Amino acid sequence: MKKLLSRAWAEIHLDRLKNNLDELKRINDNSQTEIMCVVKADAYGHGDKHIAPFLESQGIKYFAVSNIIEAQTLRKCGIKSDILILGHTPPDYAGELAKYDIIQAIVGEEYAAKLSEEAKKCGCIVRTHAAVDTGMGRIGVSADDAQACANALARMYRLEGIALEGMFTHFAVADSTDDHNIAYTESQKSKFFSAYDCLWEMGITLKHRHCLNSAGGVLHYDSRSTLVRYGILLYGLMPDNSLDLPVSLMPVMDLKAAVSYVKTLDKGDFVGYGRTYCADRKITAATIPIGYADGYARALSNNGYVLINGCKAPIIGRVCMDQIVVDTSGIPDVCEGTVVTLIGKDGNEAITADMLAQLYGTIGYEVVCGISKRVPRIYYGADGVIIPE
Ligand SMILES: *Cc1c(COP(=O)(O)O)cnc(C)c1O
């Protein structure tokens, strides 16, 4: 294969993405709720320039991102759907927002006023959805008092230069099956729809009101939400590892590398910075050209494992910036160039990003978002294998 494959690479499987989307469409069937695909952070590290067009080709009409650069990237690669920025954009970008027909989240009333001023200055109209804080404590007008929240939204609605088309809130614990947390999510929902109802009684109807993230869509579905904002489940990972969900998903990203060096260590030989590993017997070891600069966490030092020829090979010593060493004792046929699976399946063994996350106390989201730009993404789809650039 091509030269870039000789180091480390991520394989992005579009057939699995399709499987996941179809599963989410299946459980969403017969509802009024439409799917909004969350492709922020470069589609959770999978590559938004490839993921978003594929999803749009599968009938998706709504996308969400975290900032204006991500939104413009989608427009530049031909996305025609609605694009919502979930976070803050400096108000002086009003002209850009309008030019690219991007929907901006309103983080608060003061922000709405500033965005309106900037939009009026350049004679444009910015489409917006108001963020409502029902208990995430991040952005949005508080919905603790439903009428006060509705009043604030009504004031935004009347501002010139911005068109308020929707309102949304975000759940803090939708992925928890603990009774207190289930009650918390239900209270978030009820605050949100109470505010919506007050607004409606004031004669203002918004096209969109949405509160569901991945865990919300599957565990707290509510037909009053016009959109469900699916992120992590699209990529085949779990909002929480302990969840047993009624959908059959496949992780979209595999992470691979090729062995760069094979050797024998004698009893007493050390490996890596800090000499944290010392062989207690004669072993065989392989060096693999991937490290924390690739997003393979240093916290996996002496802790994680990789798969080689269908067998587990434990990481020995510290994860360096560009390399790791693994114990390959007892694994047949390991040589320079042997393909190593860091995330994915090999024979009967599998390591998912969720499993890797558990090894060092994080979540699968952080693992896939953290795979750095140095790692080329290779796309497997109906058109064969695509290696960008
Ligand atoms: C990231 C994000 C989502 C998607 O969350 P998942 O758990 O990945 O589904 C939805 N809504 C908002 C506001 C977000 O920031």
Q: Please state which of the following conditions Val340 fails to meet, knowing it meets all the rest: (1) under 16 Å from the mean Cα position of the chain (by Cα); (2) open to solvent by less than 40 Å² (accessible area, probe 1.4 Å); (3) of a type outside the set (Gly, Ala, Ser).
A: (1)
Q) Taking segment 153-170, which residues are open to solvent by less than 10 Å² (accessible area, probe 1.4 Å) and out of contact with any strand residue (DSSP E or B) (no Cβ under 8 Å at 6 or more places or on another chain)? A) Ala154
Q | Filter result for the condition that a residue is open to solvent by 10 Å² or more (accessible area, probe 1.4 Å), at pLDDT 95 or above, assigned to a helix (DSSP H, G or I) and over 24 Å from Gly47 (Cα atoms), over Ala150, Ala98 | A | Ala98
Q: Inspect segment 177-193 for any residue being in contact with a Ser or Thr (Cβ under 8 Å, 6 or more places away or on another chain) and small (Gly, Ala, Ser) and give the result as yes or no.
A: yes
Q) Pick from Ser225, Ser190, Ser194: which is under 17 Å from Asn28 (Cβ atoms) and either within 11 Å of the ligand (Cβ to nearest atom) or in the same structural domain as His46 (by TED's automatic domain parsing) (or both)? A) Ser225
Q. Can you tell me which residues in segment 48-68 are within 16 Å of the ligand (Cβ to nearest atom) and open to solvent by 40 Å² or more (accessible area, probe 1.4 Å)?
A. Ser66, Asn67
(Q) Restricting to segment 314-364, name every residue that is within 16 Å of the ligand (Cβ to nearest atom) and within 17 Å of Glu11 (Cα to Cα). (A) Thr352, Ala353, Asp354, Gly364
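Residues that are touching a residue at least 12 places away in the same chain (Cβ under 8 Å), at least 2 per element: which strands (runs of 3 or more DSSP E) completely within segment 271-389 meet that?
Where strands (runs of 3 or more DSSP E) fall fully within segment 271-389 and carry at least 2 residues being touching a residue at least 12 places away in the same chain (Cβ under 8 Å), they are 283-288, 305-308, 311-316, 324-327, 339-346, 349-351, 377-381.
The values are calculated or read from the model by the stated rules, or taken from the named source; none is laboratory data. Keep in mind that this is a model prediction, so the values were computed, not measured. In this analysis, Cβ positions are derived from the backbone assuming ideal geometry, glycine residues included, and neighbour counts consider all displayed protein chains. SASA here: full protein model, heavy atoms, side chains in, ligands and nucleic acids out. Shrake-Rupley method; radii C 1.70, N 1.55, O 1.52, S 1.80 Å.
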